[in-house]
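K.L.:
Pasting a structure below so you can have a look.
Taken together, the values in this text are just the output of simple stated rules run on the coordinates, not laboratory data. Because the structure is a prediction, the values reported are computed rather than measured. All Cβ positions, even for glycine, are placed from backbone atoms using ideal geometry, and neighbour counts span all protein chains on display.
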Amino acid sequence: MSDVTIKNEEVEKPATTTKKVSKAKPRSAGRPRQDDVEERAQELLDAAVKLFLKKGYGDVSLEAIAKTAHVAVRTIYVKFGGKVGLFQAAICAERDRLFGEVDQMEFDMRPMHDVLMDFGKRFVNTAMSERSAMIQRIVIAESGRNPDLGRIFFEAGPALTRAALGRYFARPDIRAKFRDDAHLEVIISHFLNSISGDYWVRLISGSTRGLTDEESRQRVEQGISLFLTGMQK
């Protein structure tokens, strides 16, 4: 065999080096991930709240909510049991968004005035906002036809906030600051009434506008001063 033939064979010989090709991991065809499930549920609740605020509870159908949220009506029944359960979950989600941190106020060791100021500003700016007023108008309007709606609203929203305040005021070092003859429920109600006054009623009735940041601060500051003057030892 000639040298030329050998050289040609060497040229024509294919390379034997191999490349490692990274393969993308296939997505599981099983159940969706937990964060995906939670995200879809939140999107459904957001769609429901928007429609409730726009049209009212009675004029919104499950079909409309399902269409807006891009889910099947059956999904709503499976997850929430129907329209009432969906409304309850939506109220809970709204409350958690606005007051989730309040549930931990019993562990806040700052001076009581600072803790109450933080709560008061959050309460006035969110729970006494136009959005919250619209939700309560829906409950009032529908409670005649659906009496359970008022109970659901209270248990999913105000009751949880009152419970958080109750745990804080019941803490031994905090309870010791207040009059011995004042029942815990009276302390809670007096505090909320002191920072809200009749503004909440006027807001729901549409006879007043929302507060500016400075007006909110002044209302809370004056309300806490009134509360402590009447309830502290």
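K.L.:
Residue check, S196 against (1) surrounded by 16 or more Cβ atoms within 10 Å (Cβ to Cβ); (2) over 19 Å from L226 (Cα atoms), all met but one. Which one?
P.N.:
(2)
K.L.:
Can you find a residue that is in contact with a Cys (Cβ under 8 Å, 6 or more places away or on another chain), in a helix (DSSP H, G or I) and closer than 23 Å to A48 by Cα anywhere in segment 147-156?
P.N.:
yes
K.L.:
Do you know which of the residues in segment 58-93 that are small (G, A, S) and in contact (Cβ under 8 Å) with a residue 40 or more places away in the chain is surrounded by the fewest Cβ atoms within 10 Å (Cβ to Cβ)?
P.N.:
In the first step, residues of segment 58-93 are kept if they are small (G, A, S); the result is 58, 61, 64, 66, 69, 72, 81-82, 85, 89-90, 93.
When the remaining residues are screened for being in contact (Cβ under 8 Å) with a residue 40 or more places away in the chain, the result is 58, 89-90, 93.
Details: G58: 14, A89: 20, A90: 23, A93: 19.
The selected residue is G58.
K.L.:
Please go through segment 175-189 and pick out each residue that is touching a Phe, Trp or Tyr at 6+ places or on another chain (Cβ under 8 Å) and surrounded by 16 or more Cβ atoms within 10 Å (Cβ to Cβ).
P.N.:
Selection gives F178, I187, I188.
K.L.:
Quick one: G206 ticks every box in (1) under 26 Å from the mean Cα position of the chain (by Cα); (2) on the phi < 0 side of the Ramachandran plot except a single one, so which number is it?
P.N.:
That leaves (2) as the condition not met.
K.L.:
Tell me which of these T126 doesn't satisfy, since it passes every other one: (1) closer than 22 Å to F87 by Cα; (2) touching a residue at least 40 places away in the same chain (Cβ under 8 Å).
P.N.:
Going through the list (1) closer than 22 Å to F87 by Cα; (2) touching a residue at least 40 places away in the same chain (Cβ under 8 Å), T126 breaks only (2).
K.L.:
Could we say that V71 is of a type outside the set (F, W, Y) and not in a helix (DSSP H, G or I) here?
P.N.:
When the stated conditions are applied, V71 passes them.
K.L.:
What's the total number of residues in segment 102-134 that are more than 18 Å from F191 (Cα to Cα), outside any helix (DSSP H, G or I) and within 18 Å of the chain's Cα centre (by Cα)?
P.N.:
The qualifying residues number 1.
K.L.:
Quick check on R137: is it assigned to a loop (DSSP other than H, G, I, E, B) and either touching a Gly at 6+ places or on another chain (Cβ under 9 Å) or under 25 Å from A90 (Cα atoms) (or both)? Show your work before the answer.
P.N.:
Numbers: assigned to a loop (DSSP other than H, G, I, E, B): no; either touching a Gly at 6+ places or on another chain (Cβ under 9 Å) or under 25 Å from A90 (Cα atoms) (or both): yes.
No; evaluated as a whole, the condition is false for this residue.
One line per residue, one yes/no per condition, for (1) polar (S, T, N, Q); (2) under 20 Å from D114 (Cα atoms); (3) free of Cβ contacts under 8 Å to residues at least 12 places away in the same chain:
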position	(1), (2), (3)
V139	no, no, no
I174	no, yes, no
H190	no, yes, no
S196	yes, yes, no
I204	no, no, no
T212	yes, no, yes
L226	no, yes, no
